[in-house]
Amino acid sequence: MARTGRADASGLLALANSGVMGDVTLSPPKVPRSGYLLQVEAISAAAFADRGDELEDMAAFCAAEDIPGSEDPALSYWRWLAPAWAGKSALMAHFVLHPPPDIDIVSFFITARLARQNDRAAFCEVVQRQLYALIGEEEPMATAYGGDEQLRLALDRAARVSMEHRSRTGRLPRPSAHLGRVVAPAWLARAIA
């Protein structure tokens with residue numbers, strides 16, 4: 001009669017088994033890699049200057065612990081309103097490519113330069129992949145009908161992982177009912193509403 005012993009497991013992905021005789025093969029999770037920053041680089045301005053005040057305002061908004069009226073989800077969004085060719089995309093691209101310390105950025109740009117990057121399906125797919133890459137977890141399979149559900153799951157997982165990390169590193173998580181703050185130009189806010 002074979003005897004089994006005590007089994008322990010810990011870590012992000014762990015398995016403990018004390019009752020199987022023979023080989024157990026586990027595949028490591030397939031952590032997604034997002035190539036979206038390459039697209040952001042293509043959108044960014046070759047020469048970027050004189051936008052320091054706006055970048056500082058955006059960084060302060062993202063890092064703020066409390067926003068007056070933050071119980072209203074509409075106040076968790078910051079919209080840039082400006083006419084065409086004012087540099088909204090260049091500003092956002094620069095912010096994405098040069099994020100402030102301790103700020104996790106996930107981005108999505110709607111622009112005529114990127115064909116088929118202008119609908120809800122593209123938004124869900126691109127943002128979900130970035131979120132799972134950010135937290136180092138395998139991206140679950142999604143269908144066209146489950147994209148919204150999977151995106152909500154990814155947002156929840158990323159918010160939880162980010163808050164756990166910040167509390168382990170001594171930075172308190174933001175007390176809020178929503179899943180973080182979005183900095184977006186007006187056209188993006190309207191597109192995802």
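Among the residues of the range 150-160, which ones are touching a residue at least 12 places away in the same chain (Cβ under 8 Å) and either among the hydroxyl-bearing types (Ser, Thr, Tyr) or open to solvent by 40 Å² or more (accessible area, probe 1.4 Å) (or both)?
LEU153, LEU155, ASP156, ARG157
Can you name every residue in the range 114-149 that is assigned to a helix (DSSP H, G or I) and open to solvent by less than 30 Å² (accessible area, probe 1.4 Å)?
Passing the criteria: ALA122, CYS124, VAL126, VAL127, GLN128, GLN130, LEU131, TYR132, ILE135, GLY147.
Consider the range 90-113. How many of its residues are part of a helix (DSSP H, G or I) and over 18 Å from the mean Cα position of the chain (by Cα)?
Number satisfying all stated conditions: 2.
Can ASP66 be described as surrounded by fewer than 14 Cβ atoms within 10 Å (Cβ to Cβ), at pLDDT 85 or above and out of contact with any helix residue (DSSP H, G or I) (no Cβ under 8 Å at 6 or more places or on another chain)?
Criteria not met by ASP66.
The values are calculated or read from the model by the stated rules, or taken from the named source; none is laboratory data. Computed from a predicted model, the values in this text were never measured in an experiment. Backbone-built Cβ (ideal geometry, glycine too); neighbour counts: all protein chains shown. Side chains included, ligands, DNA and RNA excluded: accessible areas come from the protein's heavy atoms. Shrake-Rupley method; radii C 1.70, N 1.55, O 1.52, S 1.80 Å.
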